[in-house]
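To start, the structure itself, in structure tokens.
Each value in this text was obtained by applying a stated rule to the coordinates, not by laboratory testing. Just so you know, these numbers come straight off a predicted model, no measurement behind them.
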């Protein structure tokens, strides 16, 4: 009911009440009740809608808020290396180049939350950081703390920053990936699979799906590895899966190394498999060395063997050198990569080989 309608109803009721000789007290009560109703309606219309927590971000400044984080979200902060050991530091929110990460993979976000920082200058979002709530930060500017924010509101604001050529778009994807709930994963999956999106944004979405929420993303990464029409995306999805903590990541990598039509994708699949250091890597890559239909892939597979942990790499390269059924160029590659090794066994082998020559 509008204010005018309520006022008209009040007038009619008042006129009818004044014309009655009986029940005057009753009429007065009814008039008072209607008067109260009209006043409440007018007051409600005069009050502005409740402001959202992130409405403040329409003005320049440095802001922070926290939201619930996915269980896999790492406790990111800033640190530096000294004598090969990580030293915890303070994150400078004013710097344009702010490295951050976690040197302890077991550590997760404090109390299941992530702290978001957003810097806005001249009406544009310059930087976004997603850090652990207990990570110390510094800035020459005032940091306005907006407190706890609803996940959907935070996601809505961050998604608006993921635009082509936007400076903070990549950082926004990192923060989105750390948000709790299916909405964040759905957004990342949609972006990763959208062939009309900017390639770099697709690749960022794919990477953070693997790094921050692999438990729910593994299936989507595998779909991209085998069904996306872009060889660059198929390769990047394999990279993301290999760098994740997915327990069964070797099987899709081996399958891609066998099946992909693009030689470069197959070669990279073997390289990323070696990086996982999983025990089934040697046999799978040795198959490629001997059987792949492309000479460049066979040579790249030899290189992949050299990327295994030292003793395993040396044993694998010895096996290639000792297999006289392999093409000479493949065996030469094994000899080359063996010479690059710091292994004492490799030096001894090469010394004996040179002595015989």
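Summary table
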| quantity | calculated |
| --- | --- |
| Per residue, the convex hull volume that the Cα atoms of region 248-357 enclose (Å³) | 84 Å³ |
| Diffusion constant of region 181-244 at 20 °C, which comes from Stokes-Einstein with the Kirkwood Cα-pair radius and 1.002 mPa s, µm²/s | 192 µm²/s |
| Percent of alpha-carbon pairs separated by more than 15 Å within region 252-295 | 29 percent |
| Quotient of C-alpha Rg and 2.2 N^0.38 Å, computed over region 190-327 | 1.07 |
